Protein chains: 4
Amino acid sequence: MQLGLIGLGRMGANIARRLMRDKHDVVVYNRSLDKVKALQDEGAIGVDSVEKLVAQLAKPRAIWVMLPAGNVTEHMIDTLAGLLEPGDIIIDGGNTMYKDDMRRAKALKARQLEYVDVGTSGGIWGLERGYCMMIGGEDKVVRHLDPLFSCLAPGLGNIERTPGRDGRDDRPERGYIHAGPAGAGHFVKMVHNGIEYGLMQAYAEGFDILKTKNSDQLPEDQRLDINVADVAEVWRRGSVVSSWLLDLTAIALAKDAKLNGFSGEVADSGEGRWTVDAAVEQAVPAPVLATSLFARFRSRQDATFADKVLSAMRFGFGGHVEEKK
Amino acid sequence: MQLGLIGLGRMGANIARRLMRDKHDVVVYNRSLDKVKALQDEGAIGVDSVEKLVAQLAKPRAIWVMLPAGNVTEHMIDTLAGLLEPGDIIIDGGNTMYKDDMRRAKALKARQLEYVDVGTSGGIWGLERGYCMMIGGEDKVVRHLDPLFSCLAPGLGNIERTPGRDGRDDRPERGYIHAGPAGAGHFVKMVHNGIEYGLMQAYAEGFDILKTKNSDQLPEDQRLDINVADVAEVWRRGSVVSSWLLDLTAIALAKDAKLNGFSGEVADSGEGRWTVDAAVEQAVPAPVLATSLFARFRSRQDATFADKVLSAMRFGFGGHVEEKK
Amino acid sequence: MQLGLIGLGRMGANIARRLMRDKHDVVVYNRSLDKVKALQDEGAIGVDSVEKLVAQLAKPRAIWVMLPAGNVTEHMIDTLAGLLEPGDIIIDGGNTMYKDDMRRAKALKARQLEYVDVGTSGGIWGLERGYCMMIGGEDKVVRHLDPLFSCLAPGLGNIERTPGRDGRDDRPERGYIHAGPAGAGHFVKMVHNGIEYGLMQAYAEGFDILKTKNSDQLPEDQRLDINVADVAEVWRRGSVVSSWLLDLTAIALAKDAKLNGFSGEVADSGEGRWTVDAAVEQAVPAPVLATSLFARFRSRQDATFADKVLSAMRFGFGGHVEEKK
Amino acid sequence: MQLGLIGLGRMGANIARRLMRDKHDVVVYNRSLDKVKALQDEGAIGVDSVEKLVAQLAKPRAIWVMLPAGNVTEHMIDTLAGLLEPGDIIIDGGNTMYKDDMRRAKALKARQLEYVDVGTSGGIWGLERGYCMMIGGEDKVVRHLDPLFSCLAPGLGNIERTPGRDGRDDRPERGYIHAGPAGAGHFVKMVHNGIEYGLMQAYAEGFDILKTKNSDQLPEDQRLDINVADVAEVWRRGSVVSSWLLDLTAIALAKDAKLNGFSGEVADSGEGRWTVDAAVEQAVPAPVLATSLFARFRSRQDATFADKVLSAMRFGFGGHVEEKK
């Protein structure tokens, strides 16, 4: 099947590669053309403008936009909307806010254009492991694109099957779902990332407790010098907390159990924030997901104004002067 | 190797079975003797008293106590201490608080008895998957017991190896660690459970957000009817949040996506509480682990006194009367 | 000074009364006219339509809209915008989201209309204590309205002065501030409510701990039967936690220390939610404010889907069946 | 009435002063004798040993120990226990853990000595405002000491009375309570401090949100430059969040709205930690109190190991390198 692909960052390029491996035709465009050239060398058809990309594709066209979420993607979709013809399909594979998907799908529908949103998990590991995809859009359009999704997804692999799935939609088992109408894909992906933050923070706090059990602030006979690399490794083996994130932690700790290479300033992406906003909007108690997000905010500050307010109050009522470390 | 085993609950009985499969000699005792009889039928030597158990074992004896943590275990260890001889080994495989291990090891040492604590993860799945074990005790004693641990552990299996582990202690890769002196095993197991609570709560909040996206409290054009069983399934396939706990969630949701069989009153065991206490004692920020514990406390109450205090204040300053669901 | 007032709910009617006490002229309109009649009897000029209200007022008109936030207020402001003349002033005294203020002020400015937003705290106590007001708008407009704000505010009263305020803007000491351009008033009020939620939850949790210290789940010799009404009272007297919210708690507990009249389903208003959204948008760690909001969400549910997911996982890995209360 | 007082730190010395103002006889001892000398000059009887203190007092003796909680206090009480006679009373006015009170009271009872624990709030402001006291002990002993407590307490003052207190124990209104048997005083004081942490954190987060509304990370047209000193001041005037802690915040912000003098490393005392431990022990959801404690732990660290674990995982799954501030 034929696909136009706009945006050849790490994700976009690997999507192209995985599709080409499976004999799909990929027409690629990227603002900086050296990346187009590179993919051309691997078998893609490269073009140097969006117009040419559109011209190269057979109707109904399918164009996958793999650009940074926000203005860049928005602008590209506007541009495409002006070039495409009824029945053509725009796929947004970036990290778009699901309400933007809903809005866009409605606007494009008025012009008889189809819109599909795809949230992907798997990052840099996707070329090898396949992309876990959460897809939103109209049923017939998503079905039409199935050869692409089926190729990009991890497939059944050697992961044990969940009992009770016989006779059901088999796409989830092969690593992709049609989650609902436009926006549903990115909504599910958003919650995925919110959960991811919570899982990560749970491990992080636990390893911190293990590490600080050897702190010189504890009485000597209460200290334990735990080998955290070995703990991460053993938990991978039959424990209740085994997971892919734990695998990654074990890899990192095997390299350097002190993690000296990291300062611990942890970025956050839109999805974690939007998940908290969604919880607030839906009146769902999500203290762990919110707290995990806030821990990241805190990690990027030396001292918060909040902390200074606390110190100022303590000074006020008790004459307490801060005890420095 | 020979092992005395006291306590034939689900865990204890399966430990005996897994050892017997591997041709170890197991002498078993249990208060209710029908369980002793059952294991005898499977090849164990059964006895009907602790004294006989001790008499059956060759020196230095190794006796694994697999009883409910707290008074029951404490009492059994006191009893054994009165019967055993210098060099004999008591193994506490239950869910003991690590400070109790530290105290006991010290007391038993004065009588030349050895004490080893083993925290195990894997629960009812252990017979099949093996037990992930975290062990505390003196090095030479833990080494002496190695044939048992090696047999009970899951082994390498088909889990991908962590890069950088060549030339290191290979026990973690085979599913058990010697974490440190007495208490260290249960300390690591305790933190494991603390993390487990956090992981579970992160998934739980996320699935709640997915579920309530279809709530009739949202404007109709904002609702999405997400198939949570399919979401759990697809996330098992190459996503960042794949884990064994997610596998279990997928199984449960495949059976009943509404989870109608569960009322949602969630018990908590000692370890989750002790992890929070340890964080407090060590001055480690652990808001996610603590919040996860508190969510369980909350799940078991219809209304808290705290909530009534909030309602009373609101009535006080705004004349707000509670709006019932 | 003359003021038009739209909306004669508890707040609106009391604002009219407090202004009339101080000899201001108030022209009032309300959808249900019996409330207009009531205020007329107390000295206001009553009208039965928005058009008549506008006709009654001298230029530049000042009209205070005191309606439920959201569509009702939005619609009224649109209506007024169609009736007013350049230089006239619309005051939104409701609980509007500050971004709506910013948007409206900009739109009205294009029509040479002025917009002022007023967040008020004090609720039903305002007639007596005065309204603590946080005001957003252009400086000259806010100055123009000063006689009204000065009258509605609590004034210096017998509250001890803060050292260091001599020579500063004295409006804060008299109970109102000009917080900045349009939106600033409601922004500060929003944060006020966010804090309010946090304060309330802190007291609520504390009183819950006092109450449950007598729980039969504790060993008998660890229980204490604390008189929570007396505790609330004594803390009002020189303790660090004395506050108006504590005064209200003391009143409620003096009436019924068990708070049996309250089921504990705690509503939340927009401001608490928007505060969390603002924290997320501004990357400020606000775990306590968020957690307080989530506790309210939780208070209104019998069981969450999240809790059922936890139960389902526990059943999956441990065969744990829920233990009912 | 006569009182022996051991420990002339800020609190102890002011207690002596307040009692002497009211013509009570105070015999004082302190390890460093210059403080004894200072109080002697103000009218106290000074002694240079505990033995002499005991000798100076008429039976039944009442001795108030005002020393740092923990070993110092424990040791002094042991010393006193060896010197005192049946019927004598030891009062612990420090910040003792309530379980230590329970234990001590039981041990002293066996020697016919009485034990009373007094938690006090008010800190350095107590001499002027009076001490808010929470008292544990036997009824007849607490009654016997009433002249002292009545003198030290703030008294009715000009604080508005709570409706419904007529005919009740009037001690709470005068600023002290008999909370229950030994330990109850410190238990209530402990929860007081736990609440204090929560209240402080709520204000701190709120002011942080106000402050960062002017951050250059927000789009320019979304920023607001809020005068936080004025906000603190106005909220003191009739708002729902007025409190003594807010008064202190207003004082601090009036001095320096940027709080540049504070680095924001916030200490925590035992009580905040014990409150969380109590919540855990009693299965009370206390996420706000716990989170407030954790925020203080966090404030004292540059980077946590937890944060580094997060960074390491992010690097693992996404190749994300930390973006430095």
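The values are calculated or read from the model by the stated rules, or taken from the named source; none is laboratory data. Being a predicted model, the structure only gives us computed values, none of them experimental. Cβ sites come from the backbone with ideal geometry, for glycine too, and all protein chains shown count toward neighbours. The protein model used for the area step is the full one, side chains on, heavy atoms only, and it has no ligands, DNA or RNA in it. Shrake-Rupley method; radii C 1.70, N 1.55, O 1.52, S 1.80 Å.
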Charge dipole magnitude, Cβ of K and R +1, D and E -1 - the protein assembly as shown, Cα centre, debye nearest 20: 0
For the axis carrying chain D to chain C: nearest C-beta residue of D, whole Å: D:Ser243, 2
³J(HN,Hα), Karplus 6.51/-1.76/1.60, whole Hz, each residue of segment B:94-103, x for Gly, Pro: x, 9, 6, 5, 4, 5, 5, 4, 4, 5
Qualifying lysines (Cα of each under 30 Å from Cα of C:Lys23; at least 8 residues distant if same chain): C:Lys35, C:Lys37, C:Lys52, C:Lys59, C:Lys140, C:Lys189
Shortest-first nm distances, A:Asp216 label point to equivalent points in other copies (7 Å, Cα→Cβ): 4.0, 5.2, 6.5
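Place a +1 charge on the Cβ of each Lys and Arg in segment D:22-75 and a -1 charge on the Cβ of each Asp and Glu, then give the dipole magnitude about the Cα centre in debye, rounded to the nearest 20. Before the final figure, lay out the partial values.
Values: 7 positive and 8 negative charges, 29 e Å.
Magnitude of the dipole: close to 140 debye.
Please work out how many pairs of lysine residues in segment B:205-320 are eight or more positions apart (or on different chains) and have Cα atoms closer than 25 angstrom.
Details: B:Lys211/B:Lys255; B:Lys211/B:Lys258; B:Lys213/B:Lys255; B:Lys213/B:Lys258.
Taking the Cα cut-off of 25 Å, the pair count is 4.
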Distant-in-sequence amide H partners of B:Asp88 (H built 1.01 Å from N, under 5 Å): B:Arg61, B:Glu114
Within-11-Å neighbourhood charge of C:Gly126 [Cβ basis; K, R +1; D, E -1]: +3
Top of C:Phe149, C:Phe187, C:Phe305 by mean-square fluctuation, Gaussian network on chain C, Cα under 10 Å: C:Phe305
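Which peptide among D:96-103, B:76-83, A:218-225 comes first, and what is the full order, when sorted by highest mean count of other Cβ atoms within 10 Å? Walk me through the numbers on the way to the answer.
On the way: D:96-103: 21.0, B:76-83: 16.6, A:218-225: 11.9.
Packing order, densest peptide first, comes out as D:96-103, B:76-83, A:218-225.
What is the magnitude of the charge dipole of segment C:2-181 about its Cα centre, with +1 placed on the Cβ of each Lys and Arg, -1 on the Cβ of each Asp and Glu, and no other charges, expressed in debye to the nearest 20? Before the final figure, lay out the partial values.
Values: 25 positive and 25 negative charges, 13 e Å.
Computed charge dipole of segment C:2-181: roughly 60 debye.
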Copies compared at B:Lys109 - label distances in nm, ascending, label defined 7 Å from Cα in the Cβ direction: 3.6, 7.3, 7.4
Average Cα contact separation per residue, chain A, under 8 Å, 6 or more apart, as relative contact order %: 12
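Using a ≥ b ≥ c from the Cα gyration tensor of the protein assembly as shown (square roots of the eigenvalues), is it rounded, prolate or oblate, where a/c under 1.5 gives rounded and otherwise the larger of a/b and b/c decides, a/b for prolate?
Numbers: a/c = 2.08, a/b = 1.01, b/c = 2.06.
The shape class here is oblate.
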Per-residue mean of C-beta atoms belonging to partner chains within 10 Å, peptide D:258-271: 6
Dipole of chain D, positive direction: furthest Cα of D:Asn95, D:Ala295, D:Trp235, with charges on the beta-carbon: D:Asn95
Most mobile of C:His24, C:His192, C:His75 in a GNM of chain C (Cα contacts under 10 Å): C:His75
Residue-averaged [θ]222 nm for chain C, counting only DSSP H segments that reach four residues, each worth -39500 (n - 2.57): -15000 deg cm²/dmol
Other protein chain Cβ atoms within 10 Å, averaged over every residue that makes up B:172-180: 6
Contact order normalised by residue count of segment B:2-181, Cα under 8 Å, 6+ apart, percent: 18
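For segment C:189-305, what relative contact order do you get, as a whole percent, if you take Cα pairs closer than 8 Å and at least 6 residues apart? Provide the component values of the computation, followed by the final result.
Values: 95 pairs, mean separation 37.1, N = 117.
The value is 32 percent.
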Inter-copy label distances at B:Asp170 (7 Å, Cα→Cβ; nm, one decimal): 4.0, 8.3, 8.6
Cα gyration tensor category, rounded, prolate or oblate, for chain C with a/c compared to 1.5: prolate
Shape category assigned to segment C:194-315 from the gyration tensor of Cα positions, a/c cut at 1.5: oblate
Within-13-Å neighbourhood charge of C:Arg223 [Cβ basis; K, R +1; D, E -1]: -2
Long-range amide H partners of A:Leu8 with built H, under 5 Å: A:Arg31
Within a Gaussian network of chain D (alpha carbon springs, distance under 10 Å), most fluctuating of D:Ala13, D:Ala229, D:Ala69: D:Ala229
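How many Å² of accessible surface get buried when B and C come together, counting both sides, probe radius 1.4 Å, rounded to the nearest 100? Write out the running numbers ahead of the final one.
On the way: alone 18610 and 18620 Å², together 32040 Å².
In total, this chain pair buries about 5200 Å².
Excluding ligands, DNA and RNA, what is the solvent-accessible area per residue of segment B:177-322 at a probe of 1.4 Å, expressed in Å²? Could you put the intermediate results ahead of the total?
Details: 3570 Å² over 146 residues.
Here the residues of segment B:177-322 average 24 Å² of exposed surface.
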